[in-house]
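Note sheet for the following structure.
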Amino acid sequence: MFRAFHWDWYERSGPGSELLGRLDGKTVVELGAGIGRQAAHLAVTRAVAEVTALDSSPSMHARGLKAYGDIPGLRVVRADATAYLREHPDTFDIAYSVFGAVDFTDPRRLLPAIATSLRPAGILVFSTLGRYRNGQEPETEVRAARLPTTLADGTPATMERWVLGLPVWERLLVRAGLEIVDVETVDDAGRDDHPPVVTRILRAVRPVGP
């Protein structure tokens, strides 16, 4: 139920929740939390004040409430990430995304909203694909790929995924008012029927002062 916290695609290598820094008494939000397993892990294993598991999917929200809704210090919230963060300025000490909302929301809207929601010296940490899973290189401009998917009711649909090169992410973070702290790459060679995947983990901070 509360297995180790991972940032990488296959959840088997690389750093863990220590990338979030000291969590004692902190308010934390996970962006695109799915059912909230990672957020529940933090609520149970780290001395946080509160963790908000944020996801826009009705089905994920319902599953999250059923699985983790009774955990003290955990809030399972259904909302659009950009809108929610704009409505909660200077609220969070830490925001993070594990292949979550940062991957599936226009970063020109989401990253400024994240900066707004963070308190001064607040931290953003997110993992994203370093390149497409088929090996194609990431985008060199702010452009989303349109990928086929299936809705909960079985209806075919498409969704946008932002697989961007590191220089693009760096420019977007700076424009949003965030300072880059560091970047880590987890290169998993894959095995059996699992293809190689490059995970990029970026950390940024909202500066103190103007």
**OP:** Go through the stretch 78-115 and count every residue that is surrounded by 18 or more Cβ atoms within 10 Å (Cβ to Cβ) and either of a type in the set (A, V, I, L, M, F, W, C) or under 26 Å from Glu184 (Cα atoms) (or both).
**Re:** 24
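Report whether or not Pro138 is out of contact with any Asp or Glu (no Cβ under 8 Å at 6 or more places or on another chain), buried (at least 18 other Cβ atoms within 10 Å of the Cβ) and either under 15 Å from Leu202 (Cβ atoms) or of a type in the set (Phe, Trp, Tyr) (or both). Even if it seems obvious, please write down each step before you answer.
Details: out of contact with any Asp or Glu (no Cβ under 8 Å at 6 or more places or on another chain): yes; buried (at least 18 other Cβ atoms within 10 Å of the Cβ): yes; either under 15 Å from Leu202 (Cβ atoms) or of a type in the set (Phe, Trp, Tyr) (or both): yes.
It is true that Pro138 is out of contact with any Asp or Glu (no Cβ under 8 Å at 6 or more places or on another chain), buried (at least 18 other Cβ atoms within 10 Å of the Cβ) and either under 15 Å from Leu202 (Cβ atoms) or of a type in the set (Phe, Trp, Tyr) (or both).
Specify the residue that is modelled with the lowest pLDDT; the eligible residues are those in the stretch 169-199 that are among the acidic types (Asp, Glu) and surrounded by 12 or more Cβ atoms within 10 Å (Cβ to Cβ). Working first, answer last.
Going through the stretch 169-199, the residues among the acidic types (Asp, Glu) turn out to be 170, 179, 182, 184, 187-188, 192-193.
Then keep just the ones that are surrounded by 12 or more Cβ atoms within 10 Å (Cβ to Cβ); that gives 170, 184, 187-188.
On the way: Glu170: 97, Glu184: 95, Asp187: 91, Asp188: 85.
Only one residue tops the list, namely Asp188.
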Original post:
Only one of (1) at pLDDT below 95; (2) out of contact with any strand residue (DSSP E or B) (no Cβ under 8 Å at 6 or more places or on another chain); (3) farther than 28 Å from His61 by Cα is not met by Asp153, so which one is it?
Top reply: (3)
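If a residue has to be farther than 30 Å from Gly209 by Cβ and under 12 Å from the mean Cα position of the chain (by Cα) to count, how many in the stretch 99-136 make the cut? It would help to see each step written out before you state the result.
So the first thing to find is which residues in the stretch 99-136 are farther than 30 Å from Gly209 by Cβ, and the list is 99, 103-104, 129-136.
Restricting the remaining residues to those that are under 12 Å from the mean Cα position of the chain (by Cα) gives 99, 103-104, 129.
Within the stretch 99-136, residues that are farther than 30 Å from Gly209 by Cβ and under 12 Å from the mean Cα position of the chain (by Cα) number 4.
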Original post:
Looking at (1) crowded, with 16+ Cβ neighbours inside 10 Å; (2) modelled with pLDDT of 95 or more, which is the one condition that is false for Arg46?
Top reply: (2)
**OP:** Return yes or no: is Val181 closer than 25 Å to Glu30 by Cβ and over 16 Å from the mean Cα position of the chain (by Cα)?
**Re:** yes
Subject >> Verdict on Glu30 being out of contact with any His (no Cβ under 7 Å at 6 or more places or on another chain), acidic (Asp, Glu) and buried (at least 24 other Cβ atoms within 10 Å of the Cβ) >> reply: yes
Subject >> So Thr105, is it under 18 Å from Ser56 (Cα atoms) and not aliphatic (A, V, I, L, M) >> reply: yes
Original post:
When residues of the stretch 37-55 are filtered for being under 18 Å from Thr91 (Cβ atoms) and not hydrophobic (A, V, I, L, M, F, W, C), how many remain?
Top reply: 3
Original post:
Out of curiosity, is Arg12 basic (Lys, Arg), touching a residue at least 12 places away in the same chain (Cβ under 8 Å) and more than 15 Å from Leu74 (Cα to Cα)?
Top reply: yes
Subject >> Identity of the residue in the stretch 116-135, buried (at least 18 other Cβ atoms within 10 Å of the Cβ) and either of a type in the set (Gly, Ala, Ser) or modelled with pLDDT under 95 (or both), that ends up nearest to Ser13 (Cα to Cα) >> reply: Ser127
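The values are calculated or read from the model by the stated rules, or taken from the named source; none is laboratory data. Being a predicted model, the structure only gives us computed values, none of them experimental. Virtual Cβ from ideal backbone geometry, glycine too; neighbours counted across all protein chains shown.
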